[in-house]
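Reading through the structure tokens given below for one structure.
The values are calculated or read from the model by the stated rules, or taken from the named source; none is laboratory data. Not measured: the values here are computed from a predicted model. Cβ sites come from the backbone with ideal geometry, for glycine too, and all protein chains shown count toward neighbours.
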């Protein structure tokens, strides 16, 4: 309904968000595994997942920002929820970027487990889960990024006010 960035008529942001979620989850899990096993395989998988998550999140943020600032009407509940969703995701992105900065250049080195990596990615993962809840609410309840038929749009608009 409010999406401005589309490919073949489909909103791009919802297509991209699954990638950082999966990569952030993998990074957190693999840093925890490395912390408990000291197996460098898990560290390297976590490193790659952390890097891929940061890149994917930055890519997903571009159409999401455009949709939020241009597509979602001002002074509405979806706009307010969109700001919260964005703030949580940006905070998570910052944490994963900080972690990437801390581990940069260590991929081929023999490193010892450091709980800071699991802690940073754990907090970032938690923020991502909360952000995903709000993103799902934007899609499922507020129909952001969902193309409605004229009949569905009439029913949705009649169901609740857009502004609060």
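Here are some residues: 111, 130. Which one is more than 21 Å from the chain's Cα centre (by Cα), surrounded by 14 or more Cβ atoms within 10 Å (Cβ to Cβ) and at pLDDT 80 or above?
Values: 130 fails: more than 21 Å from the chain's Cα centre (by Cα).
Result of the check over 111, 130: 111.
Restricted to the stretch 49-79, and to residues that are without any contact (Cβ under 8 Å) to a residue 24 or more places away in the chain and more than 12 Å from residue 13 (Cα to Cα), which residue is farthest from the chain's Cα centre (by Cα)?
Among those residues, the one meeting the criterion is 74.
Tell me which residues, restricted to the stretch 74-104, are outside any helix (DSSP H, G or I) and at pLDDT below 95.
Start the filter on the stretch 74-104 by keeping residues that are outside any helix (DSSP H, G or I), which leaves 74-76, 104.
Passing the criteria: 74, 75, 76.
Being exposed (fewer than 14 other Cβ atoms within 10 Å of the Cβ) and under 30 Å from residue 150 (Cα atoms), is that true of even one residue in the stretch 12-35?
yes
I need the full set of residues from the stretch 1-22 which are out of contact with any strand residue (DSSP E or B) (no Cβ under 9 Å at 6 or more places or on another chain), assigned to a helix (DSSP H, G or I) and either at pLDDT below 90 or closer than 11 Å to residue 60 by Cβ (or both), in order please.
Residues satisfying the conditions are 13, 14, 16, 18, 19, 20, 21.
Here are the criteria: (1) out of contact with any helix residue (DSSP H, G or I) (no Cβ under 6 Å at 6 or more places or on another chain); (2) more than 18 Å from residue 116 (Cα to Cα); (3) surrounded by 16 or more Cβ atoms within 10 Å (Cβ to Cβ). Tell me which single one residue 44 does not satisfy.
Going through the list (1) out of contact with any helix residue (DSSP H, G or I) (no Cβ under 6 Å at 6 or more places or on another chain); (2) more than 18 Å from residue 116 (Cα to Cα); (3) surrounded by 16 or more Cβ atoms within 10 Å (Cβ to Cβ), residue 44 breaks only (2).
Any idea how many residues of the stretch 60-73 are loosely packed, with under 15 Cβ neighbours inside 10 Å and part of a helix (DSSP H, G or I)? Walk me through how you get there before you give the answer.
Taking the stretch 60-73 as the starting set, the residues that turn out to be loosely packed, with under 15 Cβ neighbours inside 10 Å are 62, 69-70, 73.
Adding the requirement that they be part of a helix (DSSP H, G or I) leaves 62, 69-70.
Final tally of qualifying residues: 3.
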